[in-house]
1. Would you please list the contacts, defined by Cβ atoms under 7 Å and residues six or more apart or on different chains, that run from a residue in region 1-18 that is over 11 Å from Glu57 (Cα atoms) to a residue that is among the hydroxyl-bearing types (Ser, Thr, Tyr)?
2. Can you tell me which residue within region 40-82, out of those that are assigned to a loop (DSSP other than H, G, I, E, B) and within 19 Å of Asp8 (Cβ to Cβ), is modelled with the lowest pLDDT?
Amino acid sequence: MTVRITDDLLELVDAVAKWRGISRSALIREAVRHYLAGSADVTISEATVDEWGNLAEFSVHAAREVGARLDTEERVAGTEPW
């Protein structure tokens with residue numbers, strides 16, 4: 001099976017997988033299971049996507065922001081960031 005995603009989303013998936021110490025495939029499987037388990041309605045309406053804007057861009061930005069915050073916390077604690 002082939003699933004196509006944007007380069008930005010792939011970058012985010014790879015970064016999170018590396019941070020968690022798991023493979024890209026394992027992260028994607030876990031994310032899909034989590035989404036399906038928590039959603040009574042599996043389909044996302046276009047209105048929801050429009051409300052959030054570009055989800056891939058938002059996700060990459062959010063991941064980088066969280067990474068920067070974690071790096072700062074580790075430096076404050078006297079340890080080296082990942």
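The values are calculated or read from the model by the stated rules, or taken from the named source; none is laboratory data. As the structure is a prediction and not an experimental result, all values here were calculated from the model. Because the Cβ atoms are built from the backbone with ideal geometry, glycine has one as well, and the counts that use them run over all protein chains shown.
1. So the pair list comes out as Ala17/Ser23.
2. Ranking the candidates gives Ile44 first.
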